[in-house]
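These notes are about the structure you will find just below.
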Amino acid sequence: QVQLVESGGGLVQPGGSLRLSCAASGSILSVYAMGWYRQAPGKQRELVARLSHDGTTTYLDSVKDRFTISRDNAKNTVYLQMNMMKPQDTAVYYCNADRVLTTRGDVYNYWGQGTQVTVSS
């Protein structure tokens with residue numbers, strides 16, 4: 001069984017910063033990519049940032065130069081540093097672990113439970 005545990009969400013003022021963390025635990029041999037998605041009320045879930053095992057990064061255009069994704073491969077943990085935050089960043093943020101190879105030889109995609117991020121004065 002694999003679990004993703006997220007932390008770091010909360011309320012922040014416009015222009016402020018937050019750091020999200022997501023740790024994957026369980027019967028993991030490897031994880032191809034880890035990333036963050038978000039979903040605002042009435043909107044579809046969208047990719048915010050993704051970091052592959054080989055270091056390839058992908059960012060949503062609206063967060064480039066403000067958000068930074070990083071990863072500790074040894075700990076299967078991914079971080080999202082969010083700076084210069086805007087009200088439109090308000091959403092539930094979900095951690096994703098893509099193509100997780102388990103000790104049973106299975107490959108699955110896993111999601112965290114989500115953490116609320118609210119940007120408001």
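The values are calculated or read from the model by the stated rules, or taken from the named source; none is laboratory data. Bear in mind the structure is a predicted one, so any value in this text is a computation, not a measurement. We place every Cβ from the backbone using ideal geometry, glycine too, and count neighbours over all the protein chains shown. Just so you know, the surface numbers come from the protein's heavy atoms only, side chains and all, with ligands and any DNA or RNA stripped out. Shrake-Rupley method; radii C 1.70, N 1.55, O 1.52, S 1.80 Å.
In whole percent, how big is the carbon plus sulfur part of the accessible area of the chain, probe 1.4 Å, protein atoms only?
Numbers: 3030 of 6440 Å².
Carbon and sulfur: 47 percent of the exposed surface of the chain.
So what is the accessible area of region 6-76 per residue, in Å², with the probe set to 1.4 Å?
Working: 3830 Å² over 71 residues.
Ligands and nucleic acids excluded, the result is 54 Å² per residue.
Could you name the lysines in cross-link range of Lys64, using Cα to Cα under 19 Å and dropping any fewer than eight places away on the same chain?
Lys86
Once label points are set 7 Å from the Cα along Cα→Cβ at both Leu60 and Gln113, what is their separation, rounded to one decimal in nm?
2.3 nm
Based on DSSP, what percent of beta bridges with both residues in the chain are antiparallel, to the nearest 5? Can you show the working numbers first?
On the way: 44 of 47 bridges.
Bridges in the chain that DSSP calls antiparallel: roughly 95 percent.
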